[in-house]
Each structure stands twice: as C-alpha cells, then as structure tokens.
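Only one structure is covered here, and it is reproduced in the block below.
The values are calculated or read from the model by the stated rules, or taken from the named source; none is laboratory data. Please read all numbers here as calculations on a predicted model, not as lab measurements. Cβ sites come from the backbone with ideal geometry, for glycine too, and all protein chains shown count toward neighbours. Side chains are part of the model used for accessible areas, which takes the heavy atoms of the whole protein and leaves out ligands, DNA and RNA. Shrake-Rupley method; radii C 1.70, N 1.55, O 1.52, S 1.80 Å.
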Amino acid sequence: MLLNKIKLNNRIEPRRILMCSPEHFDIIDVKNPYMQVQAGKIDRITATKQWEKLKSVYLKWVDEGYLDEVLVINGEVGCEDMVFCANQSFPFIGKNGRKNVILSKMKHASRQKEVPFFKKFYLSQHYNCIELMHSNSFEGMGDIIPHPGKDLYYGGFGHRSDANAYEEITKITGTPVVTLELINENFYHLDTCFVPLSEDAVMLCKDAFNAEGLIQIQQYFSKIYFVDAKEAIDTFCLNAHVINYTENHKKLAVLQKGSIQAIEALKAENYEIEEIETGEFMQSGGSVFCMKMMIY
Ligand code: ARG
C-alpha cells in the first residue's frame, strides 16, 4: 500500500561524517563488475590523495557551519574494502530520540570482518547497536537511502541486500521502507543509481530498476532527473553525496568529476557542487557516497 508523503513525519538529519582511512584499501576478489580486471592495480598513494581531498571538502563544510565534525576510523589489515564505510551499518534516531544503529550482514565473507570494528566505534559514540535476527543480507547505507527530510526510507534489494531485511528494519525503526528491486549488476547497491535531491526531486538511472520500482518512485517524487547508464557507470555520478538539510537551506553536492547530466540536474536544483577525483576507488566499484557515513 502506498503512503501519502504529506502525512509522513519529519526526519532528523545527521550532521557528522564518518570516514575510514585507506591505508589497507586494495582489490583482492571480484565482488562487482567494476572489480573484474582490477586485482592488484590500486595505486595506494593516489588513493590516499583522493581520499584526503574528499575529507578536505567535508572539513570545509564543517568550517562553513554546514556539518559539525568529521571522524575517522582506522582501516584494518585484511579489510581491503573497509574504506567504503557506507556499507557496514545504518544509523537512525529511534522514536524515543535515542541514537541507534543497525549493523549490516555483509554478503561477502571478506567484508563481514569489517562490521565488528564499526560496532566498537558506535558503542564508543553511545549508540544502541542492533543486530538483524531474521535477515541474511543487508549492506547498510549502500542499500537504504532516506527520503530527504521525511520519515521514509528506500531499500534496494536483489544483489547485496535481501528484500525481507526491510520488513525487519521497518519493525525496528518504526519507519516505512519502499523496497526497490535492483535488476542490473552494474547498479548493485541503491547508492549507485538513486540520489534524492529534495523532498520532491530525485536523480536516477532507470536501467537499474524494474517497471514496478519506477512506478513506486513516481509516487514519492514529482520530479525525476534521468541519467543514462553510460554516464552513471563511467562516472559514478549517481554515487554523489548530497546534503540538502542545512539550516539556511544551502544545498551541497560532492561527486566524481566528469558527468554532464548529473551536473545539469544538480545545477537545476541549486546545488553548490564540488567535483573531485575518486578513480582509484571506482576500480573497486565505489565513489564518494560509499566513502563516508553520515552519523548522529
Ligand atoms: N568493493 C566494494 C564492494 O564490492 C565496493 C563497495 C561500494 N560501496 C557502495 N556503497 N556502493 O563491496
């Protein structure tokens, strides 16, 4: 049953950034199509420079008062994908106002090792840590994306997360989840193909979704900016990180350089745009959105 957006409660947006340092970032096994021929090809010096640049954009936004703080968790030996810290967890504010986090159930064994390090971090930040009991697979904010400003989530499933995880998450959070099947392996996480830009607008690649999913999305967004699959795959532009709930309504976006359609959409929605280079991380199938976690 579809819900009317107008009746949804408002969402409290997080204002802090968590990143994971890239000293152990590598490509070992193939987990997505971008990793196919890349094993052993990471230039860690370049990767570190790219990661530092993203961090400096966030620090600038802290200086300008749009964010509160940037925190860094150290990468661990043997956790080559840990730098993609959007995936191991899903923080939310409970209906009682308490900080909660749902810990992910990573699909790949090599990534399951990452989760306890994030649990330890969240405990140090006084979060209530929640384990999923009835779901096999859920990859955190790689696959669950909030509706801007509203108490509603979109949940991608089919590659890394199971559809039934969202039933459990709705029970835990008290927030409805619109589930969207991801049908194209190039868009294996929802954060590779779907970027809400405002309460009314979203930018997406339609090749990632089935007809039912696209109809669902139209129920919640009156304006859809389409980015074609070539641009989305070549530039990871739909892995942009956008911040649109600043106090003075400033809209901020940071994304990989080189996209045309996504930049047009962001400009049309009045975003201030930072274009950066994340090429080393794209070889592993991730870019900006994957390299940070918004936390409370
Ligand atoms: N190599 C990582 C994996 O396949 C990339 C994760 C990218 N993260 C994201 N949120 N899309 O798991």
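For this structure, a couple of remarks:
- Length gained on full extension, Asp200 to Lys7, computed as 0.36 nm times the residue gap minus the Cα-Cα distance: 68.0 nm.
- Across the chain, Cα-Cα pairs farther apart than 23 Å form 51% of the total.
- Cα-based radius of gyration of the stretch 49-159 once divided by 2.2 N^0.38 Å, which approximates compact folds: 1.14
- Share of pairwise Cα separations in the stretch 166-296, more than 25 Å, in percent: 24
- Full extension of the chain segment joining Ser56 with Met133 gains 23.9 nm, where the gain is 0.36 nm per residue of separation less the Cα-Cα distance.
- Dipole in debye (nearest 20) - the stretch 18-136, about Cα centre, beta carbon charges: Lys, Arg +1; Asp, Glu -1: 380
- Calculated accessible area for the stretch 197-284 comes out at 42 Å² per residue, all protein chains present (probe 1.4 Å; ligands, DNA, RNA ignored).
- Short-range pairs are left out: with C-alpha atoms under 8 Å and at least six residues apart, the relative contact order of the stretch 189-296 is 24 percent.
- Based on Cα contacts under 8 Å between residues 6+ apart, the stretch 62-134 shows a relative contact order of 27 percent.
- Hydrophobic, long helices, defined as DSSP H runs whose alpha-carbon span along the helix axis is 24 Å or greater and whose mean Kyte-Doolittle value is at least 1.0, do not occur in the chain.
- Over 20 Å [Cα-Cα, the stretch 223-296], rounded percent: 28
- Taking all protein chains together and rolling a 1.4 Å probe, Glu80 ends up with roughly 20 Å² accessible.
- Each residue of the stretch 287-292 is assigned a 3J(HN,Hα), and the resulting list reads 9, 4, 4, 6, 8, 8 Hz, derived from the Karplus form 6.51 cos²θ - 1.76 cosθ + 1.60 (θ = phi - 60°), x at Gly and Pro.
- Calculated from backbone phi, Karplus (6.51, -1.76, 1.60) coupling profile of the stretch 79-94 in Hz, x at Gly/Pro: 10, 5, 9, 5, 4, 7, 8, 7, 9, 8, 7, 9, x, 7, 9, x
- Beta bridges by DSSP in the chain, antiparallel share as percent, to the nearest 5: 45
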